[in-house]
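To start, the structure under review is shown below, and the notes come after it.
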Amino acid sequence: QGRALLECGRKDENHIGGLSLMLPLILAFAGDRGTAEKMALEHLSLTHGGPAMAYGGKIIVRIILDVLHGRKLASAIQDHYQDENDGQTKHPLETLFEFPDQMVVGKHFSSACYMDQSIPATLYLTLKYKRNPEKGLIANTMCGGDNAGRGSVLGALLGAAGGLSCWPDRWVSGLLHPPPIISLEPQHDHEIGLERK
């Protein structure tokens with residue numbers, strides 16, 4: 001009460017589920033990277049403000065935009081998952097592939113929603129399952145915790161890399177009422193202002 005509408009959101013949020021609301025804006029404005037990042041992060045701050053959200057949101061926005069503009073997923077993750085202080089990659093996530101997912105997301109990283117744990121957990125699953133998105137979302141579900149929050153971001157990352165065709169047809173055809181966005185997928189990259197490299 002007594003605050004400007006754009007200042008009503010909390011400033012101490014710290015959970016990955018908040019990122020799900022900004023994901024459609026990244027796609028809607030993907031043709032203009034600067035606008036896409038600005039709109040997504042401003043939207044995020046309306047309800048899920050705070051330094052942890054802004055930092056994690058920026059990582060995810062930039063990875064998705066890089067991938068939508070033709071960059072390899074692993075390369076984008078390596079470049080944008082940086083340590084705030086020294087610019088070095090935080091953890092060589094690929095070194096965890098030999099361990100069971102539920103050990104990595106549950107013991108090495110918490111399966112909870114907190115950004116400092118859920119972002120690396122999600123990026124680990126993204127890298128491990130970049131060639132099998134269906135298996136990746138199922139593995140995420142089996143890890144428990146905030147699998148819905150992680151899953152929305154994981155799905156966006158894997159979908160940015162593989163497009164709608166990376167998901168099983170039965171996941172779409174089996175829906176009684178598919179969301180309209182499914183039928184609005186551009187047939188060509190230029191329809192959302194992207195040129196593949």
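What follows draws every value from the coordinates through simple rules; no lab data is involved. From a predicted model like this one, the values you see are computed outputs, not experimental measurements. Every residue, glycine among them, receives a Cβ derived from its backbone with ideal geometry; neighbour counts consider all protein chains shown.
Say the cut-off is 18 Å between C-alpha atoms; which of Lys58/Lys128; Lys72/Lys130; Lys11/Lys107; Lys58/Lys135 go over it?
Going by Cα-Cα distance, Lys58/Lys128; Lys11/Lys107; Lys58/Lys135 fall outside the 18 Å limit.
Take Ile16, Ile64 and order them by how many other Cβ atoms sit within 10 Å, fewest up front.
Ascending Cβ contact count within 10 Å gives the list Ile64, Ile16.
Top mean-square fluctuation among Pro168, Pro51, Pro120, Gaussian network model of the chain, C-alpha springs under 10 Å?
The residue that fluctuates most here is Pro168.
Residue separation times 0.36 nm, minus the C-alpha to C-alpha distance between Val172 and Gln1: what's the value?
57.3 nm is the gain from fully extending Val172 to Gln1.
Only helices at least 20 Å long along their axis, Cα-based, and averaging -1.0 or more on Kyte-Doolittle count here, so list those DSSP H runs from the chain.
33-47, 51-68, 147-162
Quick check on segment 5-175: what does the Kirkwood estimate of hydrodynamic radius come out to from the alpha carbon pairs, in Å?
This gives a value of 16.1 Å.
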